[in-house]
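Here the structure is laid out as structure tokens; the discussion comes afterwards.
The values are calculated or read from the model by the stated rules, or taken from the named source; none is laboratory data. Since this is a predicted model, take the numbers as computed values, not measurements. In this analysis, Cβ positions are derived from the backbone assuming ideal geometry, glycine residues included, and neighbour counts consider all displayed protein chains.
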Protein chains: 2
Amino acid sequence: MKVAIDAMGGDYAPEKIVQGVELARDQYPDLRFILFGKESKIKAFLKNGERITIVHTDSEIAMGDEPVRAVRQKKTSSLVLAAQAVKDGKADALFSAGNTGALLAASLFIIGRIKGVDRPGMTTTLPALAGPEDSFTMLDVGANAESKVKNMHQFAILGNFYSANVMGVTNPRIALLNNGTEEDKGDPLHKETYQILSDDTHLNFVGNIESRELLNGKADVVVTDGFTGNAVLKNTEGTALSMLKLLKHTILDSGVQGKLGGLLLKPAFKQVQNKMDYSKHGGAVLLGVKAPVVKAHGSSNEIQVYHALRQLRSMVAANLTKNLADYFATRPKE
Amino acid sequence: MKVAIDAMGGDYAPEKIVQGVELARDQYPDLRFILFGKESKIKAFLKNGERITIVHTDSEIAMGDEPVRAVRQKKTSSLVLAAQAVKDGKADALFSAGNTGALLAASLFIIGRIKGVDRPGMTTTLPALAGPEDSFTMLDVGANAESKVKNMHQFAILGNFYSANVMGVTNPRIALLNNGTEEDKGDPLHKETYQILSDDTHLNFVGNIESRELLNGKADVVVTDGFTGNAVLKNTEGTALSMLKLLKHTILDSGVQGKLGGLLLKPAFKQVQNKMDYSKHGGAVLLGVKAPVVKAHGSSNEIQVYHALRQLRSMVAANLTKNLADYFATRPKE
């Protein structure tokens, strides 16, 4: 299988992108890559060209570019060319660590939506600190600023497939992020979504979940509108980071006793950090487009790029987008 | 000044409520209290009846009661009687640690809204781990499942008064919780709110804030719709709690070295916990009703009840609701 890589997207591109690609190439003999970007810069970091093709371009989309305009105007940018390669069947999947909005726009305009999916959902994997699995899937975390009931329903179906086929969860527990656990909670969007999810016999819907319980492993798929999902995802990251920082500063400021304690607890802290680090599950997946698309964090290092590519490989191997397309093609209209 | 107390609301009522009232009474000679609830139960915990009146009632609203119905039907419940005392001018402020929805309903139906405020906002104080102040104010965190632009604007005005008059912040920095910092971010509600807040020359509006930055002290008042605010507040609490629990378990599981490290770091952990503990700023305030109303957490102990009463005292002393009413009375119509 072949992955199209936007080699110029991300804070440490192309260096960390190239290194991550090489890690994945060395690990998985079935993977081939097409890297789009400045050939000289890519080659400066490439150790070994095996199963790696470079397509040169001087154009790239910057982090600050207005996404839709950039995708429409920069037709030879590394991102647009990579998306075009997927569209043309020259690659099976798309990777970028660059401008999220531009990746969204390129995926929608060039690769296109699966028929029956009105709005793809940005999907992320977060740690479950309790419960039967060590992680869970949440969508939409920000592909859409507004969501309708039918979008929410589709997010649930997309998440269900992803959890079952890529994360390997049997009969995933689907929950709706809401401001209370009772079924009549929330605004009309969430009340109606609750009913639709309850009525869908293909889904193992377990009811509402509050954001307080998010990390406690009570659901395998958390369905949310893009605005709330984005706020909650960033809040989880921000709170965890703020707490670790606060803890670190407090320890550094607490004299010899604190420093010694910190030293002794280094392995424990490392363990906590590992458990909270969800980058090992890959990047954010844009579910609902015609090919697997993964967005790695802009600040990704080579390991995070590697995990995102491993994730793309699982999605291609599970035939995820084909299965989703088949499901939506045979599903009764809403 | 006199505070009406729902002595039967809360997981540890009336014991912790009575103890908290006595702490506040001993600290502040200007405070008087009317406690509504079962006299025999209240008296069982009351050490000293100074400046405390008990109004006996056998009826109370349970945590699981449907709020609006309970308030309408249980007319002699401790909560409804306490709200009625405020309405009748027999008390200046209302305190409860019971059913939040019922407190909301009692405040709206019995005490009533300030003229010009369409929807009161539930307001909470959270820790600021960086920046010039040690805390910030956020609203609405869940009084409303849906909010309109004019509600959001009113939340900003209410929060601004609270921050300036009760938290003592000079020229509070007002920010809008949104899914990006640029002014065109968000759904129509958030885009329009951005414009309204920018145009209001009475507000020191500093732009959008992302939930990732919430605890980093970049704003003194964070304005949000009730649905997102509720999700983000619960997420902050949940993530912080989950992390502390994870850390604790990891330390306990990490042998002699870990346990020794944990012991040495006990003061540092305590310091972190103190910094994250925002109950010292009191409970959640329902801003926009005709008298100060505070909701303490259901699980409040006597210290938390004390802090909530201290907060009510500051609100009465600052003449907050009168100032708000004057402001809204003279403000041009939207």
>> Checking the structure you have, find out if any residue of region A:279-294 is more than 13 Å from A:SER96 (Cβ to Cβ), part of a helix (DSSP H, G or I) and either aromatic (Phe, Trp, Tyr) or modelled with pLDDT of 95 or more (or both).
In response: no
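Determine whether B:LYS43 is part of a loop (DSSP other than H, G, I, E, B), more than 21 Å from the chain's Cα centre (by Cα) and either assigned by TED's automatic domain parsing to the domain that holds B:ALA97 or hydrophobic (A, V, I, L, M, F, W, C) (or both).
Answer is no for this residue.
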>> Going by what's in this entry, would A:HIS202 be described as in contact (Cβ under 8 Å) with a residue 12 or more places away in the chain, closer than 19 Å to A:LEU320 by Cβ and over 18 Å from the mean Cα position of the chain (by Cα)?
In response: yes
>> B:ASN230 - would you say it is at the interface with another protein chain (Cβ under 7 Å from one of its Cβ atoms), within 27 Å of the chain's Cα centre (by Cα) and free of Cβ contacts under 8 Å to residues at least 40 places away in the same chain?
In response: no
>> Filter region B:258-272 down to the residues that are out of contact with any helix residue (DSSP H, G or I) (no Cβ under 6 Å at 6 or more places or on another chain) and within 7 Å of chain A (Cβ to nearest Cβ) and list them by number.
In response: B:PRO267
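What do you reckon, is B:LEU81 within 21 Å of B:ASP92 (Cβ to Cβ), touching a strand residue (DSSP E or B) at 6+ places or on another chain (Cβ under 6 Å), of a type outside the set (S, T, N, Q) and modelled with pLDDT of 95 or more?
yes
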> If you scan region B:153-185, which residues turn out to be within 14 Å of chain A (Cβ to nearest Cβ) and in a strand (DSSP E or B)?
Replying inline: B:ALA175, B:LEU176, B:LEU177
>> Suppose we filter region B:178-191 for residues that are in contact with a Lys or Arg (Cβ under 9 Å, 6 or more places away or on another chain) and more than 22 Å from B:SER163 (Cα to Cα); how many remain?
In response: 6
>> Which numbered condition in (1) touching a helix residue (DSSP H, G or I) at 6+ places or on another chain (Cβ under 6 Å); (2) outside any helix (DSSP H, G or I); (3) polar (S, T, N, Q) is the only one that A:GLN19 fails?
In response: (2)
>> Which count do you get for residues in region B:186-227 that are assigned to a loop (DSSP other than H, G, I, E, B), surrounded by fewer than 23 Cβ atoms within 10 Å (Cβ to Cβ), more than 8 Å from chain A (Cβ to nearest Cβ) and not hydroxyl-bearing (Ser, Thr, Tyr)?
In response: 5
> Out of all the residues in region A:239-257, which are part of a helix (DSSP H, G or I), farther than 16 Å from B:LEU244 by Cβ and facing chain B (nearest Cβ under 7 Å)?
Replying inline: A:GLN257
>> among the charged types (D, E, K, R), more than 23 Å from B:SER299 (Cα to Cα) and surrounded by fewer than 19 Cβ atoms within 10 Å (Cβ to Cβ): which single residue out of B:GLU15, B:GLU66, B:GLU50, B:GLU39 fits that description?
In response: B:GLU50
> Residues of region B:79-134 being small (Gly, Ala, Ser) and outside any loop (DSSP other than H, G, I, E, B), which ones?
Replying inline: B:ALA82, B:ALA83, B:ALA85, B:ALA93, B:SER96, B:GLY101, B:ALA102, B:ALA105, B:ALA106, B:SER107, B:GLY121
> Looking at this structure, is A:LYS275 basic (Lys, Arg) and more than 9 Å from chain B (Cβ to nearest Cβ)?
Replying inline: no
